[in-house]
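So the structure is just underneath, and the comments pick up after that.
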Amino acid sequence: MITITPVPRALVPVDSEAAARISAPNYDEFQGDGEIWSLLQSNPMSVLRVTMAHCDTASRDNIESGDTDTSLARAKGNMEELVASALTREVRNVLWVYEIRDPRRPDLPQIGLGGMARTAQIRTEATPQGTIIRNEGIREPKSRGRADLIEATSAIVGTVNNAVDDVSGAIQAALRSHADSAAPNFEVTDHHGNLHRVWIVDDTGAIAGFRQLFAEEPHAYVADGNHRSAAAAKLGYETFLAVFFPAAAMGIYPYNRLVTNVDDPAGGLSAAVAKNFEIGGTLEAEAYQPTATHSIGLYSPEQGWMQLRPLPGTFDPDNAVEAIDADIVQRKLFAEVFGIENAGDPHLTFVGSNKDATWLQAAVDEGRAAYAVTLPAVTMDQFIAVCTQNRHMPPKSTWFEPKIRSGLIMALL
C-alpha cells in the first residue's frame with residue numbers, strides 16, 4: 001500500500017501571478033550554476049534563492065561552491081522572506097491535485113496527487129518489503145546537502161516524483177473528475193511551454209477518498225528525487241513531500257552524453273566501435289536523436305553522426321539493467337573504447353532533454369567536447385522492470401519530463 005497524508009502546514013502562492021514569480025525548475029535541471037544565477041537576475045523572488053542560495057550573489061564571480069555555512073544562512077533568510085511575502089499564504093492539512101500539460105503530448109495530460117509520503121515505506125536493505133521503490137543508489141554528500149537545507153530553512157521545498165501502476169485507471173479517473181469540477185487555485189507555464197495547474201484539496205471527504213485509492217496501490221516507483229526522500233529519512237522525519245502520478249501518463253525523454261578530453265581509439269574510431277556495435281553508416285541528418293530502443297547515435301567532427309546497434313552478446317536481455325542502452329554504452333563504448341570505466345568519470349558530461357542533439361553537436365564542433373552520444377528514451381516498461389527486479393537504473397538514464405516545478409507547494413516544519 002501507499003500511504004499519503006495531508007501536509008500539516010503548506011506554503012503556497014496566493015495566485016497564478018505569484019506562482020510565476022516564485023516557482024522555478026528544479027535545481028538539477030540546470031547545466032551549471034551560471035544558468036541559475038542568470039535566472040535569479042530576471043526573477044529575484046524565485047524559490048531558487050532558497051534551494052540554490054549559493055547562486056544568490058551580487059555577481060556571477062561571487063557564486064559560492066555548494067552548501068556552505070554562509071549560503072545555508074542565506075537560504076534561511078530567503079525562506080523567511082518568502083514566508084512573510086505577500087506572494088504566499090499558509091494552508092493547513094491539505095493534499096493537492098497536480099496536472100502538467102506538455103505541448104508535445106497534448107492528448108495525454110499528466111495528473112497526480114501530492115501530499116506527504118512515509119519514509120518507512122521506502123524500500124532499502126533495512127526495509128526490503130518497502131512499497132516505494134528507488135531506482136538509483138544514494139550518494140551521501142548529495143543527500144546530506146539536501147538534509148542541511150531542510151534543517152536550515154525549516155521547510156521541505158523539494159518534491160519527490162513517483163509513478164504508480166494504477167492498473168484499473170481508478171486513480172486517473174478520480175483525479176480527472178476532481179480537476180474538471182473546478183478551476184485550479186493557480187497555474188503557471190514554464191519556459192518549455194508546459195502548463196502546471198494546482199487544485200488544493202482541503203475537504204476531508206475528498207482527502208479520505210484519495211487516500212483510500214492510493215492505499216490499494218501495491219507499489220510506487222521513484223522517478224525523480226531519490227536524494228530528497230533520503231534527506232528526510234536521514235533527519236529522522238516520518239514523511240517527505242511527494243507527488244504520485246499514474247505511470248501511463250508520465251513522459252520519459254532521452255538522457256544524452258558528451259565525452260571530453262580522451263585519446264582517439266587505437267586503430268580508428270570505427271574499428272574500435274565495430275567490436276561491439278553494428279555501424280549503420282554516417283547519417284545525413286544534421287543532428288541525430290534516436291527514438292527506438294538499441295539505436296544509438298555517436299558524433300565526431302571527422303565522421304559526423306553514426307548509428308550504432310549493440311551486437312548480440314553485449315547484454316543479458318533478462319537483466320533489466322543490462323538491457324538499457326545507457327548501461328550498454330557505458331560498458332561497451334565508454335569503458336572499452338574510451339577508457340572511461342565508470343559513470344562518475346569527469347570525462348563524461350550528462351545532458352538532459354532540455355538540451356537537444358543539435359546542442360550536443362555544437363558542443364563537439366566548437367571544441368567543448370570530443371564526442372557526443374545520443375540515446376533513446378528509456379521506456380516506462382523498462383523503468384518498472386528495473387524497479388521490480390530490485391535493481392538500480394544506470395546513472396543518468398531517465399529524464400522524466402515534464403518535471404515537477406519547484407515552489408508550487410512547500411511543507412513548513
Inset, instruction - Any chance you could count how many residues in segment 371-413 are aliphatic (A, V, I, L, M), over 30 Å from Pro8 (Cα atoms) and surrounded by fewer than 20 Cβ atoms within 10 Å (Cβ to Cβ)? - result: 3
Inset, instruction - Check whether at least one residue in segment 313-324 is touching a residue at least 12 places away in the same chain (Cβ under 8 Å) and either closer than 30 Å to Gly193 by Cβ or outside any loop (DSSP other than H, G, I, E, B) (or both), and report yes or no. - result: yes
Inset, instruction - Those residues that are surrounded by fewer than 21 Cβ atoms within 10 Å (Cβ to Cβ), touching a residue at least 40 places away in the same chain (Cβ under 8 Å) and not in a helix (DSSP H, G or I), I need them from segment 349-370; list them, please. - result: Thr349, Phe350, Gly352, Ser353, Asn354, Lys355, Asp356, Arg368, Ala370
Inset, instruction - Being modelled with pLDDT of 90 or more and within 18 Å of Phe244 (Cα to Cα) is the filter; apply it to segment 134-157 and report the residue that is farthest from the chain's Cα centre (by Cα). - result: Ile156
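When the residues of segment 54-77 are narrowed to those that are in contact (Cβ under 8 Å) with a residue 40 or more places away in the chain and under 23 Å from Val12 (Cα atoms), which ends up surrounded by the most Cβ atoms within 10 Å (Cβ to Cβ)?
Only one residue fits best here, namely Ala75.
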Inset, instruction - Mind listing just one residue for me: the one in segment 66-103 that is among the acidic types (Asp, Glu) and modelled with pLDDT under 95 and, of those, farthest from the chain's Cα centre (by Cα)? - result: Asp69
Legend entry - Condition check for Pro254: touching a Gly at 6+ places or on another chain (Cβ under 8 Å) and surrounded by 18 or more Cβ atoms within 10 Å (Cβ to Cβ): no
Legend entry - Subset of segment 100-159 [free of Cβ contacts under 8 Å to residues at least 60 places away in the same chain and not in a loop (DSSP other than H, G, I, E, B)]: Glu140, Pro141
Legend entry - Asp28 being modelled with pLDDT under 90 and over 30 Å from Glu217 (Cα atoms): no
Legend entry - Options Asp316, Asp356, Asp327, Asp365: the member that is farther than 29 Å from Ile100 by Cα, assigned by TED's automatic domain parsing to the domain that holds Asp264 and within 22 Å of the chain's Cα centre (by Cα): Asp327
Inset, instruction - Among the numbered conditions (1) surrounded by fewer than 19 Cβ atoms within 10 Å (Cβ to Cβ); (2) within 24 Å of the chain's Cα centre (by Cα); (3) not in a loop (DSSP other than H, G, I, E, B), tell me where Glu336 comes up short. - result: (2)
Inset, instruction - Could you tell me which numbered condition Thr159 fails, if it satisfies all but one of (1) crowded, with 23+ Cβ neighbours inside 10 Å; (2) closer than 21 Å to Pro13 by Cα; (3) touching a Phe, Trp or Tyr at 6+ places or on another chain (Cβ under 7 Å)? - result: (3)
Inset, instruction - Would you mind telling me which numbered condition in (1) part of a loop (DSSP other than H, G, I, E, B); (2) more than 30 Å from Arg118 (Cβ to Cβ); (3) modelled with pLDDT of 90 or more; (4) in contact with a Ser or Thr (Cβ under 9 Å, 6 or more places away or on another chain) Glu286 fails? - result: (3)
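The values are calculated or read from the model by the stated rules, or taken from the named source; none is laboratory data. Just so you know, these numbers come straight off a predicted model, no measurement behind them. Don't worry about glycine lacking a Cβ; one is built from the backbone with ideal geometry, like all the others, and counts go over all protein chains shown.
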